[in-house]
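Scroll down for the structure; my scribbles are underneath it.
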Amino acid sequence: MVMTRAALVCLLLGLVEIDAVQACERGDFLIAVDPGHTRAEPGALSARGMPEVQFNEKLALRLLEALRKAGFAKAFLTNRKQASIPLIERTQLANERKAQLFLSIHHDSAQPHLLSSWSYRGVSYRYTDDIKGYSLFVSEKNPDVAGSLRFARLLGSQLHRGCFAPTLHHAEKIPGESRDLIDEQLGIYRFDDLVVLKSATMPAVLFEAGLIVNRREELLLRSASYQRSIVVALTGAVIDYCAGRMPSKVDEARCP
Ligand SMILES: [Zn+2]
């Protein structure tokens, strides 16, 4: 989809309605689930020393299982067992298979100067207890910005309903952050040059499930029940997307 800059700004601000989208058949719908990072480049390190790649793989596998149970028989992973694969090959695989949606799964950290040190089981690790929450990223360089944003909003709404709160720290005006916050309530940012988002030929969203450098959030993110709750929201968003639903205004969730 080619959009003028003005049209894109309106879209990002939610000032225009996107035309209704045709519903899909779940059994035919191809979603690429992308567990971020590799064993060789494992991403962030948690407050207790677990590499991000392990969190990503666990959540991606749980999601794949849930999607298949929900009827998305053709859902597939872009990477297995933390194999070394360049980012561009992940989207090449999705592009070749003509996936209709690309979802990259990550777990978040914070800029190094915001982290403190503590000792866990005799080893020193970095942490912050001041930042927590999920975030969603879309790229203006993706050929289907409207589709990417529709999925990001549907996912943000599902997470909101599930009482997950976003982090806003990526919008802070500090080196390494300063991202455009498109939707503060749903935690959606614009990050044009994320490789997997701009090289995918289908709508693409990158999901940071939470901060593994936050000592409390890390424990939640490691727990099976919390992972299941995230997967419920992710699966719900894919169902909404496939059904052609449009994001609606979210009410204040009644959360504990
Ligand atoms: Zn990551």
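Laid out as a table, the results:
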| quantity | calculated |
| --- | --- |
| Failed item in (1) without any contact (Cβ under 8 Å) to a residue 24 or more places away in the chain; (2) crowded, with 22+ Cβ neighbours inside 10 Å, with P112 passing the rest | (2) |
| Residues of the stretch 18-55 satisfying the condition of being within 13 Å of the ligand (Cβ to nearest atom) and part of a strand (DSSP E or B) | D34, P35, L45, P51 |
| Any hit, the stretch 93-111, residues being more than 30 Å from D144 (Cα to Cα) and either touching a helix residue (DSSP H, G or I) at 6+ places or on another chain (Cβ under 6 Å) or away from the ligand (no atom under 16 Å from the Cβ) (or both) | no |
| All positions within the stretch 56-78 that are over 16 Å from the mean Cα position of the chain (by Cα) and within 16 Å of the ligand (Cβ to nearest atom) | none |
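Condition check ((1) farther than 16 Å from L101 by Cα; (2) touching a helix residue (DSSP H, G or I) at 6+ places or on another chain (Cβ under 7 Å); (3) acidic (D, E)) across all residues:
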position: K141; (1), (2), (3): no, yes, no
position: L154; (1), (2), (3): no, yes, no
position: R161; (1), (2), (3): yes, no, no
position: A165; (1), (2), (3): yes, no, no
position: E172; (1), (2), (3): yes, no, yes
position: G176; (1), (2), (3): yes, no, no
position: Y189; (1), (2), (3): yes, yes, no
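The numbers here are math on the coordinates, done by the rules we state, and not lab data. The structure presented is a predicted model; accordingly, all values stated were derived computationally and were not measured. Here Cβ is always computed from backbone atoms with ideal geometry, including for glycine, and neighbour counts include all displayed protein chains.
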